[in-house]
Amino acid sequence: GAFMKTKFSRGWIKSKQPRKQRKYRSNAPLHIKQKFLHAHLSKELRKKYSKRNAALRKGDSVKIMRGQFKNKTGKVYEVSVKKMKVYVDGIEFVKRDATKSRYPLQPSNLMITELNMDDKIRSKILARK
């Protein structure tokens, strides 16, 4: 196959090719990966802030909408920007030797039910139109 450059292209507009979509996401610098870590807001929150989505933060309560843990809820205890994954309390694999390991979730499969408002800046971000 042809050699594909791994450097992140700033001038990347879009492509229909899944291969290039994946490449763009995996090679993106962290400040852009941060933007992939948004999730939909619940109906009540959507009314309150008149926004559809918000960045996920540690301490947010989320509901899982897809996958084997569908309809479970929990608090976010870690957001990994590098891996673009979110870890939620009580959501874990039980491995064959009965030990538990945390289960990484994709932010697109989550819905924020309650926001962690300890941060002053966060309310400013949500207030922005």
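The values are calculated or read from the model by the stated rules, or taken from the named source; none is laboratory data. Keep in mind it's a predicted model, so treat the numbers as computed, not measured. Counting neighbours? That spans all protein chains shown, and the Cβs are built from the backbone with ideal geometry, glycine included. Ligands, DNA and RNA are excluded from the accessible area calculation, which covers all protein heavy atoms including side chains. Shrake-Rupley method; radii C 1.70, N 1.55, O 1.52, S 1.80 Å.
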Open item on the list: Of Leu45, Ile91, Pro18, which is farthest towards the positive pole of region 6-99's charge dipole, taken about the Cα centre with +1 and -1 on the beta-carbons of Lys, Arg and Asp, Glu respectively?
Closed with: Pro18
TODO: Would you pull out the residues with amide H under 5 Å of Thr113's amide H, same chain only if 5 or more places away, H placed 1.01 Å from N?
DONE: Ser61, Val62, Lys63
Open item on the list: So, for the chain, what is the accessible surface per residue at a probe of 1.4 Å, expressed in square angstrom?
Closed with: 74 Å²
Task: Relative contact order (%) - criterion: Cα under 8 Å, at least six apart; region: the chain - done: 24 percent
TODO: Express as a percent, rounded to the nearest 5, the fraction of DSSP beta bridges in the chain (both residues included) that run antiparallel.
DONE: 90 percent
Task: Vicinal HN-Hα couplings computed from phi for region 113-121 (Karplus, 6.51 cos²θ - 1.76 cosθ + 1.60; Hz; Gly/Pro x) - done: 9, 8, 9, 8, 9, 5, 8, 5, 5
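Could you rank the peptides 89-100, 26-37 by their average count of other C-beta atoms within 10 Å per residue, with the highest value first?
26-37, 89-100
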